[in-house]
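A.B. asks: Can you keep this structure in mind? I'll have questions shortly.
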Amino acid sequence: DMRLMGGLRHAMPVTFWTMTLALFSLAGLPPLAGWFSKESILVAAEHAAAGEAGVEAWTGWLVLVVAVVTVAVTAAYVVRLWARTFLGTARSGFSAHEAPALMRWPLLVLAVPTVAFGLLGLNAAWLPTWTRPITGTRVPRYQNQPVARYGRVRRRRSARSVGTASAREAARTA
């Protein structure tokens, strides 16, 4: 129960700092990694509201308003959680202690990319090649070709093979 917590900052310093980074990233504060995702969603919604995304403008405005409200609510509960848990004085008689190393190390491992991707910026060139159609770093060879269902690339027939195929079709139907 969060109401019974408080003052855990000094008793659990590793948890305090990793939770601070995680919560501030969740709230979308720069220069942490969570800022990139929130900013990308808000910019896309803004483009949609301006009629630049191929959808009705009212849809973009709806998404933009809901996204901004969601950002505000997220920031409010993140600050509340952080302040009630780690700041102030202890509100219970329990003695707090840091988690064992088996639980601390994953926190530290996850905190590193949160800070690193935020400070360095996520450069799309560092990502695997299969993400390039999503990130738009390079135009793939097959981008202008028609794509069949389930993502398989259709092979274009040459005029000679098309003629041969139509001759076979005519022979079968006759």
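The values are calculated or read from the model by the stated rules, or taken from the named source; none is laboratory data. Remember, it's a predicted structure, so these values are computed and weren't measured experimentally. All accessible areas refer to the heavy atoms of the entire protein, side chains included, with ligands and DNA or RNA removed. Shrake-Rupley method; radii C 1.70, N 1.55, O 1.52, S 1.80 Å.
A.B. asks: Heavy-atom accessible area per residue, segment 19-99, 1.4 Å probe: how many Å²?
C.D. replies: Details: 5010 Å² over 81 residues.
Per-residue value: 62 Å².
A.B. asks: Computing the accessible area with a 1.4 Å probe over protein heavy atoms, can you report the carbon and sulfur percentage for segment 52-114? Could you put the intermediate results ahead of the total?
C.D. replies: Values: 3490 of 4560 Å².
After summing per-atom areas, the C and S share lands at 77 percent.
A.B. asks: If the chain between residue 101 and residue 55 were fully stretched, how many nm would it gain, using 0.36 nm times the residue separation less the Cα-Cα distance?
C.D. replies: Working: separation 46, 0.36 × 46 = 16.56 nm, distance 5.00 nm.
Between residue 101 and residue 55, full extension yields 11.6 nm more.
A.B. asks: Once the whole set of protein chains is in place, how much accessible area is left on residue 36, using a 1.4 Å probe, in Å² to the nearest 10?
C.D. replies: For residue 36, solvent-accessible area is about 70 Å².
A.B. asks: Over all distinct alpha-carbon pairs, what is the Kirkwood Rh of segment 71-124 in angstrom? Numbers along the way, then the final one.
C.D. replies: Numbers: mean 1/r = 0.0699 Å⁻¹.
So the Kirkwood estimate lands at 14.3 Å.
A.B. asks: Please state, as a whole number in µm²/s, the translational diffusion coefficient that the Stokes-Einstein equation yields for segment 1-50 at 20 °C and 1.002 mPa s, with Rh defined as the Kirkwood radius across alpha carbon pairs. Can you show the working numbers first?
C.D. replies: Numbers: Rh = 12.9 Å.
The Stokes-Einstein estimate is 167 µm²/s.
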